[in-house]
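Scroll down for the structure; my scribbles are underneath it.
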Amino acid sequence: MRWAWLCLALSGCATVEERDPRDPWEGFNRGIYSFNETVDVYVAQPVARAYVKVLHQEIRTRVGNFFSNVQDIFIGVNNFLQGKFVDGVNDWARFTFNTTFGLLGIHDVASEMGLEKNNEDFGQTFGRWGAGPGPYLILPFLGSSTVRDGAGLAIDWWVAPLTEARPIALRNTLYGVYFVNTRADLLEAGRILEEAALDKYVFQRDAYLQRRRSLIYDGSPPREKLE
Amino acid sequence: MKKFFATLALLAFGVPSLAQDPAPDALVKSVTLEVIDLISKDKEIKSGSRAKLVEVIEAKVLPHFNFTAMTALAMGQNWNKSTPEQKKRLTEEFKTLLVRTYASALAAYSEQKFDFRPLRAKPTDTDVTVNVRVLQPGAQAVTLDYSMEKTANGWKCYDVMVGGVSLVANYRTEFANTVRNSGIDGLIKDLQTKNRSLAKQDKK
């Protein structure tokens, strides 16, 4: 507050961009952001659109289910690490049923049985353990993150079963399909974001930070009353 | 005689319940199901008519929203610094943008199932959250949380949280930044420009 008054006292202060305390590296982040946007517009989106055109929704859902199933193993691990044992057992049961009856995960039979999909990762576990998000961070190619979630993501990928796939050519193919399928899933959401936002960078950042906070508290964070 | 009793029953039970405002969770459910039913039957909407979709939203959904409250929340402290005329124009432009966004989200709807959660509130509460979950195979359910306030004209929604992201809160920084850089009139102008370019897109 004192700074605000000091600012008023000085001339030309109105032109100084006020820093958002959650995003101290905004200048740097915006640089990476515009790089990502360029890659997205010229490479990722066209590939994703072609993918959507070639493959029927039904098949894309199966592809998504396959990756989603593999991820359930570590979603479970993270639930255990957060002390949510019932959820962890739920995730591992999902993996067991979907891998067997669901033919390597392409059918999500577990959901039909009432075992619901959870959303967990190491970033959320760190948050649950009390780590704050730290500064907002845009990762090259991957987009919105924070220092905490970036560290979490590194572990997510380090332990991901996908990285163990061999031969290397198979592993790389799986990576490729995973990214294209994920981007294809987000085409619609991306369009809505584009329409809704005045400043896409800010809108996306705030949505990401709100979303992560909500996920850490499993959908019911302590309510911040807007006044 | 049968008819007489039926009429009596209607007078005794039916009419008062019509006069009474529906509970917030019942309201969300009936409006959601009605809109979904309308858009999945309407040929024009199915073939991609944005105008028709917006028409449905304006007729069925808008009456249950308090856009002045939404705009005030998104504006934060700047709301009190606005003149009545500015407030009116801000609300109008913000409403147009939100309706447009809502239409885009609805247009992407494809047969997902809804899970309407029982309301966790006391009957005397005047500010409640209605929780709905959109279920989709292979992915975590998307939560829709409607913040609703009791008014003289029934329950009105003043914020929607999608997957934990409050729509109103998400505009706060954007609005504050724009007002800081170009004033309240600058924000009105930005919103107008945005809405016009979106309207142009729809015509293409």
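The values are calculated or read from the model by the stated rules, or taken from the named source; none is laboratory data. Everything numeric in this text was worked out from a predicted model, so none of it was measured. So basically every Cβ, Gly included, is an ideal-geometry build from the backbone, and we count neighbours across all protein chains shown.
Annotations
- Any hit, the range B:167-177, residues being within 15 Å of the chain's Cα centre (by Cα) and either away from chain A (no Cβ under 14 Å) or not small (Gly, Ala, Ser) (or both): yes
- Extreme residue, nearest to B:Arg89 (Cα to Cα), among residues of the range B:44-71 that are surrounded by fewer than 18 Cβ atoms within 10 Å (Cβ to Cβ) and of a type in the set (Ser, Thr, Tyr): B:Thr68
- Scanning the range A:171-227 for residues that are of a type in the set (Gly, Ala, Ser) and buried (at least 19 other Cβ atoms within 10 Å of the Cβ) turns up A:Ala184, A:Ala196, A:Ala197, A:Ala207, A:Ser214.
- Inspection of the range A:39-49 finds no residue satisfying the criterion of being within 13 Å of another protein chain (Cβ to nearest Cβ), touching a residue at least 60 places away in the same chain (Cβ under 8 Å) and of a type outside the set (Ser, Thr, Tyr).
- The number of residues in the range B:46-70 being part of a helix (DSSP H, G or I) and free of Cβ contacts under 8 Å to residues at least 24 places away in the same chain comes to 7.
- Scan of the range B:149-200 for residues that are assigned to a strand (DSSP E or B), farther than 27 Å from A:Leu209 by Cβ and of a type outside the set (Ser, Thr, Tyr), ordered by number: B:Lys150, B:Gly154, B:Trp155, B:Lys156
- Restricting B:Tyr146, B:Tyr102, B:Tyr158 to residues that are crowded, with 19+ Cβ neighbours inside 10 Å, more than 8 Å from chain A (Cβ to nearest Cβ) and in contact with a Cys (Cβ under 8 Å, 6 or more places away or on another chain) narrows the list to B:Tyr146.
- The range A:175-209, residues that are within 9 Å of chain B (Cβ to nearest Cβ), under 22 Å from B:Val99 (Cβ atoms) and at pLDDT 90 or above: A:Ala196, A:Ala197, A:Leu198, A:Asp199, A:Val202, A:Phe203, A:Asp206, A:Ala207
- Here the condition is being surrounded by 14 or more Cβ atoms within 10 Å (Cβ to Cβ) and more than 14 Å from every other protein chain (Cβ to nearest Cβ); of A:Thr100, A:Thr125, A:Thr163, it holds for A:Thr125 alone.
- All positions within the range A:114-144 that are polar (S, T, N, Q) and either part of a loop (DSSP other than H, G, I, E, B) or farther than 14 Å from A:Asn79 by Cα (or both): A:Asn118, A:Asn119, A:Ser144
- Considering only residues in the range B:178-189 that are touching a Ser or Thr at 6+ places or on another chain (Cβ under 8 Å) and crowded, with 18+ Cβ neighbours inside 10 Å, the one that is nearest to the other protein chains (Cβ to nearest Cβ) turns out to be B:Leu187.
- Restricting the range B:72-120 to residues that are assigned to a helix (DSSP H, G or I) and among the hydroxyl-bearing types (Ser, Thr, Tyr) leaves a set whose member that is modelled with the highest pLDDT is B:Thr91.
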